[in-house]
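Below is one structure; the comments refer to it alone.
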Amino acid sequence: MRLVNNLANITAAWMLCAAFTVPVFAQDSPEAESQPETAPAEQASLPELKYSTGDIVLPNKVATLHLGEKYHYLDPAESNRLLQLWGNPPDEVTQGAILPADVNPLAEGGWAVFLTYTDDGHIDDSDANEIDYDDLLKDMKEGIEDSNEARKKAGYAEMHLLKWAEPPRYDAAGKRLYWAKEISSAGGDVHSLNYDVRVLGREGVLSMEAVAPMDIIEQVRTDMRPLLEVAEFNEGYRYAEFNSKTDRMAEYGLGALVAGGVAAKLGLFGKLFAILLALKKVIIVGLIAIGGYIAKLFGKKKDEAA
């Protein structure tokens, strides 16, 4: 099974990110605990976000979103404004955000889908039917449990990957990979749902990442499924246009996308956090496939190959 070719480089990058940027739940921090809850009147006074609908060409020009009237698009500036309204730092690499037209991201239980693009090269999907996602989940669980010691030392609650909320599935025709995870934190009453979509292009991957309270999974699933079809790579960036003589190959495969290979390569471990607004508190959920998991998984693959 091909997960990553250049194991040493990606493992080192991931471990470096894990060492300096441990994902946290904002409600676990002393600062978050001391902040008063937002009163309804204060919520009503929050500024409105400027959005677009219809066909949206992403800022980097590589893809177009066909949103119609059902979804709203926030450009990078408005997306960062939303992040800051949620009490989070801006994200320099975002390509914007999408939210269902009937969802208020500033209301209790509000959520949004954040977009990023990674140009690490063409991802070979020939191993799509060979990946054991149940085995991958076990390794990911072990990795996050191993990371909890560092979280505790940093003063934050432990995180736990519970199960697939939706097992990984790959649409070979549309070159789309999607999955969802259920996550909890020690002392937290709300389980979070991490819903991920990856659309493969000629030399890059478009990522759609959403987080919401687990108890609205049916709503999120209903709203996310159509999003699998709205993103289309523009001419010159499509998967089928790959030229093996001139284009780069990625150093990881589909399994590493689920495990977090893109974040490892970009060094975005502390940036691509997912956002959940629930119970009038902002909860920041970090990426699940962290250093301990990457090291174990790649070590295992090396042993199997030997």
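The values are calculated or read from the model by the stated rules, or taken from the named source; none is laboratory data. None of the values given here were measured: they were computed from a predicted structure. Here the Cβ positions follow ideal geometry from the backbone for every residue, glycine too, while neighbour counts run over all protein chains shown. Protein only, heavy atoms only, side chains kept; ligands, DNA and RNA dropped before computing areas. Shrake-Rupley method; radii C 1.70, N 1.55, O 1.52, S 1.80 Å.
If the Cβ limit is 9 Å and pairs must be 6+ apart or interchain, which residue in the stretch 56-77 that is farther than 12 Å from VAL230 by Cα pairs with which residue that is open to solvent by less than 20 Å² (accessible area, probe 1.4 Å) and acidic (Asp, Glu)?
The qualifying pairs are PRO76/ASP91.
Could you tell me how many of the residues in the stretch 98-131 are assigned to a strand (DSSP E or B) and within 18 Å of PRO213 (Cα to Cα)? Break it down into steps so the answer makes sense when it comes.
Here is the first cut: in the stretch 98-131, the ones assigned to a strand (DSSP E or B) are 98-100, 113-118, 122.
Still in the running and within 18 Å of PRO213 (Cα to Cα): 98-100, 113-114.
Number satisfying all stated conditions: 5.
For the subset of the stretch 175-188 comprising residues that are under 18 Å from LEU161 (Cβ atoms) and assigned to a loop (DSSP other than H, G, I, E, B), which member is least open to solvent (accessible area, probe 1.4 Å)?
Looking at the filtered set, the residue picked out is GLY188.
Keeping to the stretch 199-218, report how many residues are within 22 Å of PRO100 (Cα to Cα) and either open to solvent by 20 Å² or more (accessible area, probe 1.4 Å) or free of Cβ contacts under 8 Å to residues at least 60 places away in the same chain (or both).
Taking the stretch 199-218 first, the residues within 22 Å of PRO100 (Cα to Cα) are 199, 206-218.
Of the ones still in play, those that are also either open to solvent by 20 Å² or more (accessible area, probe 1.4 Å) or free of Cβ contacts under 8 Å to residues at least 60 places away in the same chain (or both) are 209, 214-218.
Residues that pass the stated criteria total 6.
Restricting to the stretch 144-194, what's the tally of residues that are without any contact (Cβ under 8 Å) to a residue 12 or more places away in the chain, more than 16 Å from the chain's Cα centre (by Cα) and closer than 20 Å to LEU206 by Cα?
Summing the residues that are without any contact (Cβ under 8 Å) to a residue 12 or more places away in the chain, more than 16 Å from the chain's Cα centre (by Cα) and closer than 20 Å to LEU206 by Cα in the stretch 144-194 gives 1.
Mind telling me which of the residues VAL103, VAL93, VAL57, VAL22 ends up being modelled with pLDDT of 95 or more and at negative phi?
Values: VAL103 fails: modelled with pLDDT of 95 or more; VAL93 fails: modelled with pLDDT of 95 or more; VAL22 fails: modelled with pLDDT of 95 or more.
Criteria check complete, one pass: VAL57.
For residues in the stretch 230-241 being in contact (Cβ under 8 Å) with a residue 60 or more places away in the chain and either aliphatic (A, V, I, L, M) or part of a helix (DSSP H, G or I) (or both), which is surrounded by the fewest Cβ atoms within 10 Å (Cβ to Cβ)? Before you say what the answer is, go through the steps one by one.
Filtering the stretch 230-241 down to residues in contact (Cβ under 8 Å) with a residue 60 or more places away in the chain leaves 230-234, 237, 239.
Restricting the remaining residues to those that are either aliphatic (A, V, I, L, M) or part of a helix (DSSP H, G or I) (or both) gives 230-231, 239.
Values: VAL230: 20, ALA231: 22, TYR239: 17.
My answer is TYR239.
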